[in-house]
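Here the structure comes first, spelled out in C-alpha cells, and everything after it is commentary.
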Amino acid sequence: MALPASQSPFAVEARHLVKRYGVVRAVDGVSFQVARGEIFGFLGANGAGKTTTLRMLCGLVTPTSGNSLIDGYDVFADPMQAKARLGYLDEEPFVHPHLTGREFLDYIADLYRMPRGVERQQRMERLLGLFELADRDGELIGAYSHGMRQKIGLASLLIREPSVLLLDEPTNGLDPRSARLVKDLLEGLAARGTTVLLSTHILEIAQALCRRVAIIDRGHIVATGTMGELRTQTGSEQATLEDLFLKLTAGPESKDMIERLLAPERS
Amino acid sequence: MLAGSRVIIGAEILALRHRLLKRGPVRLALLVVLLGFAAIFIGGGSFSLGVAAARYLPQARDPILAAGFTALAVLMFVLGFPTVIASLFVGRDLLQLVLAPVRPVDIFIARMVLAMIANLLISSLLLAGALGVGVGSGASPVFYVLAVPLVITQVLVVTAFQALLMSIVLRWIPARLARDFAAGIAGLTGAGFYIAWNVNLRQSFESRTRVDFTNAASFIQQVGWLPPTWPAHALSGVIDGSAGAGAGWTVLTLALAGLVATAAALLYGRTLLAGLGVFGGAAMTWRRPKQRPAAVARAGAGSPLRAIARKDWLAYRRDIRRLSRLLPALLFPIGYAFAFSRPSKELSGFWSEVFLIAFISMFMSTTLGTPSVPSERRGFQLLRMAPLPMWQVIRAKVALTLPAVLVMTVVFGLIVALVERNPVSEIVELIALGIWLGLGFVAVGVSAGAIDPRFESSDDRRAVGMVGTLAGVGGALGFGALSIGAFALLVFAAGALAGTAHLGSLPSTPAIGALLGAAALVLAAGAATLVGALLWAANASLVRFEDAIAAT
C-alpha cells in the first residue's frame, strides 16, 4: 500500500524535540534526520529518553516543544498523512489479547483501510508463515509468548508496508533464529526503500545493521554519525560501537562500582 | 495484621497515593468537593430516611434495618463478583506475590482488603441510614459503637463468601469450564437474587406513592433468619434495650464472619495457582481450527469502523469477565420490565411504559457503552497511531452499542405495550421515544468512558474514572429528564391541538398546543446540545490523551 512520497529529503526528522514531565526534562532538544531507505540506530542507556523520543516521533506523546516529521509531514499538524506512512513497534507490542493472530492482522489492515481481497489475504498468510505463526490459528494472542507477540507485532506493521518503521527493541524476546530473521528482513526492507529507525540495547545488531547511529544520554543527543565519524569524534580509531557508546555515555566506572559493592563492609 | 499483608497493603496504599497525586491539585480539589457534596446529599439523605423511618414507624425498625443490611449484601453480591475475581485471582502483581516467600494467607488478607474497599464505600450509605435509625430511635451510645464494626463485618462476610465460592469452583470444577461456570454463577445468582428480592419487595407496595411498610416488614420477617439480617437484629436489640439479644446476634455475626473468612482463606491457599491460570489471561485456545483451505477473501475497501466493531464483538464473546457483566445486565431489564409494567393508581400504563423504556435504555447504555472506549486497553495506542480521527473511534463505539440497546429497548417496550393493549399510535410514540433515548443515552455512555478512561484497568467496571462517571450519570439524568419532558410536552401539545388534553388550569386550545410544542422543541434541543457537548468533550479528551498504557 505504497503512498506517494513527499518532497522532503528525509523520511524521519526530529526537530529540537523537548519533553518535560514537571521539572524533569526527559528529552531535551533532540534533533536528527534519517534519509529514505536508511537503517538508523538510536542508542542510549535505560531511561536516556529513547522510548519517549520514538513515541514523540510516532505521535503517541505530544512534545513540549519541537516537531516530529515523517516523510515531510508533521505528526501533530498533519497526523493522517504522517500516520498512514508510519509503523511503530513498541518494546511491549500493542496487541489485542482476545483476537487470534490472523484476526489481529485483519483488524490492522482494515484500520489502515487496506483493500480487502486475495492479495491482502495472501500477504497475511505469507507473513504468518514467515514468523512461524500460521499453525497457531486457534490460539488467542493473550496466550502467546513474549517473542510471539513481538512477531505478530512486526507482522502487523509489515502487512501494510509502511514507508517508515520505528522499532523499539524489535529483537527483544526473540530466539536467535527469529532475531536473525528480523535482521535480514530489515536489511531487505531497507534495500527496497523502507526507512528503519531502530532503538536497541544490543550494540552488535546496531553495528551490523545501521549505517548511522545517534546516541542519546539523559535526554541529549551526544553523538550522531557513521561509525567512522563517531571514531573521529571520540579520537578512538579502533573502537567498537560498544567502546564508543560507553565513552560517550560515561558514568561511574562499572569496574570500580562492582569492586566497592563486593568489598567486605567495614564496621 | 500479618507482616506480609501489611507490606502488600502498604504498597497498594502508596500506589493509590501516587495515582491520586498524579491528577494534579485542581482535579484533586474538584474530586474532594464532589465527594463532599455526595457525602452531604446522598449520605445525608440516607441518614434522614433512617431518622424518619425510625421515628414514624417504630414497629418496623428491625425490618427496616434488616432490609438495609440485606440490600447491602445483595448489592455487593451482584456487583462485587468481578472485583473479587480481579482482586484475588488476576494481575501481574499477584504473580510476583506468588513467587515471593509470602504465605497464601498473607496474600488472601491483603487482597481481601483491596476487594472490600469498593464494598465499604457502598456500605457507607447503609451506615448513614443505620445511624439515622439510631438517632430516630434515641438509641444508646452502644448502638453507634456497634454499628460501624457490624457494617464492616457484613462487608467481610459477603466478600469472603464470594472468595469461598470462587475457590470452590476452582477446586472442584474442571479448569476448562471454571471460567464459564464462575461467570454463570456470578451473573445468574446475583441478578436472580436481586430481581427476586426487588420484585418481592415491590409486591409489598400498595401503590407507587404510598408505601405499605407493614407488608414490607412481613416480607423481611419471613427471611429474618437469613445471615445478612443478623447484624440488623443485633442493632435493633440494642435499640430495644435488650443487651442479651444485641450481644447474641453480634456474637453470631462475628462467628459467621470468622467461619466464612477462615474457610475462604484455607481454600484460597489451595486454589490460588489454579485461579491465576484460569482468570489470569485470555483463554488459551479459542477454537481448534479444522485443516481447511483459507476462505476466499471478500473484496472491497477496508473499513476502520467495521474493523473496530468486529474486534469488539470477538473480544466480547471471548472475554469472560465482560460476559459476566453482561448477564446480569440482560436479566435486569427483564426483571424491571415485570416490576415496572404493573399499573399503579397514580400513573397510567402508558407513562409506566415511558419510564420503563427510559430505564432500560439508560441501563443498557451505561452497561455496554460506558466501558466501550476504555476496554480498548493497550490496543487504544493502535487506534492513536492509525490514520483515524478520534471522533471516528467514538462513532464506531456508538454504532456498535446502539443496535443492542435499541433492540432491548424496543423489544421490551413492545412486549409491555402489547400486554397492556396500548393503541397503535401509542406504540409508535413509544418506539420513537425508545430510538431517541437510545441514541442519546448510548452517546452519553460512550462519551463518559472516553472523557475519563482508565485503559490499564483489568475490570471494565473500574475502567472509568470519577470525572467520567459523574459526567455519565449527570449527562444521562439531564438528557433523560429533558427528553422525557419534551416527550410529555409533545403528547400534551397533540392533545391540546385536538382539544382533548387535560392540562389542569390551562385551556386545551390550539394556541396552548402550539406553545407546548415549541417548549418541547426547546427541551429536545437542550437534550441534543447536552449530548453534543459530551461528545465534544469525549473527542477532546481522546485527542489529548498521551499517557503510556502499561500491560496489565
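In summary, helices (runs of 4 or more DSSP H) completely within region B:212-306 and bearing 3 or more residues that are at pLDDT 55 or above occur at B:230-239, B:243-279. In region A:208-226, the residues that are buried (at least 21 other Cβ atoms within 10 Å of the Cβ) form Cβ pairs under 7 Å with partners that are in a loop (DSSP other than H, G, I, E, B) and small (G, A, S), at six or more places apart or across chains, as follows: A:I216/A:A48; A:I216/A:G49; A:G219/A:G49. Scanning region B:475-516 for residues that are more than 21 Å from B:W436 (Cβ to Cβ) and buried (at least 21 other Cβ atoms within 10 Å of the Cβ) returns a single hit, B:A496. Listed by position, the helices (runs of 4 or more DSSP H) enclosed by region B:86-172 that each have at least 3 residues that are small (G, A, S) are B:104-137, B:141-172.
Take A:G142 and tell me if it is crowded, with 17+ Cβ neighbours inside 10 Å, of a type in the set (G, A, S), farther than 30 Å from A:L241 by Cα and in contact with a Pro (Cβ under 8 Å, 6 or more places away or on another chain). Criteria met by A:G142.
Looking across region A:65-74 at every residue that is surrounded by fewer than 24 Cβ atoms within 10 Å (Cβ to Cβ) and away from every other protein chain (no Cβ under 11 Å), the one that is nearest to the chain's Cα centre (by Cα) is identified as A:L69. Does A:M80 fit the bill of being at the interface with another protein chain (Cβ under 8 Å from one of its Cβ atoms) and either part of a helix (DSSP H, G or I) or within 18 Å of A:Q150 (Cβ to Cβ) (or both)? Criteria met by A:M80. In summary, helices (runs of 4 or more DSSP H) completely within region B:338-424 and bearing 3 or more residues that are closer than 20 Å to A:H98 by Cβ, modelled with pLDDT of 90 or more and not polar (S, T, N, Q) occur at B:380-385, B:390-419.
A:F40 meets all of the listed conditions (1) of a type in the set (F, W, Y); (2) more than 14 Å from chain B (Cβ to nearest Cβ); (3) in contact with a helix residue (DSSP H, G or I) (Cβ under 9 Å, 6 or more places away or on another chain) but one, namely (3).
Only one entry in A:A2, A:A11 is at pLDDT below 95, under 30 Å from A:G117 (Cα atoms), in contact with a Ser or Thr (Cβ under 9 Å, 6 or more places away or on another chain) and part of a strand (DSSP E or B), namely A:A11. Only one of the numbered conditions (1) more than 14 Å from chain A (Cβ to nearest Cβ); (2) crowded, with 20+ Cβ neighbours inside 10 Å; (3) in contact (Cβ under 8 Å) with a residue 24 or more places away in the chain is violated by B:R462, and that is (2). Taken as a whole, the condition of being touching a residue at least 40 places away in the same chain (Cβ under 8 Å), in a helix (DSSP H, G or I) and either surrounded by fewer than 24 Cβ atoms within 10 Å (Cβ to Cβ) or over 18 Å from the mean Cα position of the chain (by Cα) (or both) applies to B:A66. Candidates are the residues of region B:305-318 that are under 22 Å from A:M80 (Cβ atoms) and buried (at least 21 other Cβ atoms within 10 Å of the Cβ); the one that is nearest to the other protein chains (Cβ to nearest Cβ) is B:A307.
The values are calculated or read from the model by the stated rules, or taken from the named source; none is laboratory data. All values reported here derive from a predicted model rather than from experimental measurement. Please note: Cβ atoms are built from the backbone with ideal geometry, for glycine as well, and neighbour counts cover all protein chains shown.
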